[in-house]
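The values are calculated or read from the model by the stated rules, or taken from the named source; none is laboratory data. For clarity, every value in this text was computed on a predicted model and none was experimentally measured. Positions of Cβ are generated from backbone atoms using ideal geometry, with glycine treated the same way; all protein chains shown enter the neighbour counts. Surface areas here come from the heavy atoms of the whole protein model, side chains and all, with no ligands, DNA or RNA. Shrake-Rupley method; radii C 1.70, N 1.55, O 1.52, S 1.80 Å.
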Amino acid sequence: MVPYSRHFIDQDDIDAVVQVLQGGWLTCGPVVEKFEQKLAKIVHAKYAIACSNGTTALHLAMLALGISDGDVVLVPAITFLASANAARYVGADVVFVDVDPTTGLMTYETLEVAILANHEKSLKAVVNVHFAGQCENLETIHKVARKHDLLIIEDAAHAIGTIYIDESGKQHAIGSNSFSDITTFSFHPVKTIAMGEGGAVTTNNPEIAKKLKLLRSHGMIRDSLQWEGDESGPWYYEMQELGFNYRISDINCALGLSQLENLENFKLERANIVKFYDNACAGLNYLNPLKKLQYSDTAWHLYVVLIDFDILGKSRAQVMTELKEKGIGTQVHYIPLHKQPYYKNLCGEMTLPGAEGYYATCLSLPLYVGLKEEDQQHVVDALSNA
Ligand SMILES: *Cc1c(COP(=O)(O)O)cnc(C)c1O
């Protein structure tokens, strides 16, 4: 079976994990900091804070930016549930933003439409999701968001390794926060870098970084304390805020650190598979790949094709079943969030034509490091037959 995604582990990854297992720190040790430093360096951020997964990264980001009860967060309708759920964890309401049906991405135009339609609400922040690994024009989104006093959170769960090319041609790694306040990553094994479970938040603001660290571990600090009460001593620790245990272990970080060494290779190999699929798709009817944006030097996480199932005269379920019978796993990314029962209850019935148009046509094909050329051809042949 060729799955739609899977991790790639080499001997260096295994050795790195074994080394931690044989050492003195399984968690809260030096490898966590090493991983954070390496990640910060790669994405050109001042600070990187590693945490237990991409969802807790989003939750920490919301908390660290002070988003809370009564605030409203704008979230694109095409994303994984966690992008919106994190706003709910801090008590904020969610407004869904439409996407460009040819990319699955929120644009500055769809963002502005959503802002103007909800101007009477206390809009506080926008989550910009780099769907499939590709990024939109970050400057225009930044301009619109700032015009309306919105904080910007980049959900880069799909986009480690992607580089935004600005209007003057300058490069900005996703995670550098050149046009945002904070960025979150996921290192779940279906994503580009695998840690088993893992996530991280990057920022250039020292106060936000401090808060992220505090909240990651129970809101508790130990170091450099000035105790004013009648107890003082080396055992002393203090809880200043309600935090969580969202830490990540040295075991996971050893794997992540080793995987990051391969990020450029992973990006290249994924790009080659994307190129192969793009060429093959050009010869097929009823089907288009996602539109490629010139300002995104993309580390592709997903390969999505847009199929006109109506004209094809076959349902998506039928096509998926036919591919599955040939040993090919496909997936749908994503069911629009405003169609989920929980959010329908919360936000009411609404129509977002871009997101719904995108959803009606999307299908994700297998894309992962180690996907053999013969398997890529097999996918294209099976799709062509279907
Ligand atoms: C995977 C994903 C997350 C959540 O990451 P986990 O590590 O699975 O918690 C958040 N946002 C997006 C867009 C994702 O794809």
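Magnitude of the Cβ-charge dipole of segment 127-207, K/R +1 and D/E -1, about the Cα centre, nearest 20 debye? If you can, show how the numbers build up before the last one.
Numbers: 5 positive and 10 negative charges, 22 e Å.
Charge dipole of segment 127-207: 100 debye, to the nearest 20.
What is the distance in Å between the Cα centres of segment 115-140 and segment 62-85? Cα centroid of segment 115-140 versus Cα centroid of segment 62-85: 11 Å apart. Compared with the dominant Cα axis of the chain, that is its longest principal axis, helix 30-43 is turned about 50°.
With respect to the chain, whose longest principal axis is taken over its alpha-carbon atoms, helix 54-64 is tilted by about 50°. Between the listed residues Gly91, Ile311, Ile182, the Cα displaced farthest toward the positive end of the dipole of the chain, a dipole computed from Cβ unit charges relative to the Cα centre, is found at Ile311.
Bridges between two residues of the chain, per DSSP, are antiparallel at a rate of about 60%. Springs join every pair of Cα atoms under 10 Å in this Gaussian network model of the chain, and among Ile307, Ile42, Ile221 the largest mean-square fluctuation is at Ile221. Projecting the Cα atoms of Ala64, Ala77, Gly161 onto the charge dipole of segment 11-262, computed from C-beta unit charges around the Cα centre, puts Gly161 farthest toward the positive end. Result for the chain in a Gaussian network model with C-alpha springs under 10 Å: among Gly243, Gly169, Gly29, the largest mean-square fluctuation is at Gly169.
Might you report the magnitude of the Cβ-based charge dipole of the chain about its Cα centre, with Lys and Arg at +1 and Asp and Glu at -1, to the nearest 20 debye?
For this selection, approximately 280 debye.
Rounded to the nearest 20 debye, the dipole magnitude of segment 48-162 is 200 debye, with +1 charges on Lys and Arg beta carbons, -1 on Asp and Glu beta carbons, and the Cα centre as origin. Quick one: helix 11-21 against the long Cα principal axis of the chain, what's the angle to the nearest 10°, folded into 0 to 90? Relative to the chain, helix 11-21 is tipped by roughly 30 degrees.
Counting helices only, and only those DSSP H runs with n ≥ 4, report the 222 nm mean residue ellipticity of the chain as the sum of -39,500 (n - 2.57) divided by its residues, in deg cm²/dmol to the nearest 500. Walk me through the numbers before you get to the answer.
Working: 14 runs with 149 residues, N = 386.
Helices in the chain give a 222 nm mean residue ellipticity of -11500 deg cm²/dmol.
Once the 1.4 Å probe is applied to the protein heavy atoms, the chain comes out at 45 Å² accessible per residue. Cross-link pairs exceeding 21 Å in C-alpha to C-alpha distance, out of Lys191/Lys275; Lys41/Lys147; Lys46/Lys211; Lys124/Lys339; Lys326/Lys372; Lys147/Lys170, comprise Lys41/Lys147; Lys124/Lys339; Lys147/Lys170.
Taking a sphere under 14 Å around the Cβ of Lys170 and counting the other residues whose Cβ falls inside, with K and R at +1 and D and E at -1, yields a net charge of -4. Treating r as the C-beta distance of Leu284 and Ile335 and R0 as 25 Å, the FRET efficiency rounds to 0.50. Gyration tensor analysis over the Cα atoms of the chain returns equivalent ellipsoid semi-axes of 36, 27, 18 Å (largest first, whole Å).
Ignoring ligands, DNA and RNA, please state the percent of accessible area on the chain from carbon and sulfur, probe 1.4 Å.
Working: 8930 of 17200 Å².
With neighbouring chains kept in place, the figure for the chain is 52 percent.
With Cα atoms defining each centre, segment 1-50 and segment 309-363 are spaced 34 Å apart in the structure. Taking the chain as a Gaussian network of alpha-carbon nodes connected by springs under 10 Å, the highest mean-square fluctuation of the residues Tyr343, Tyr303, Tyr237 belongs to Tyr237.
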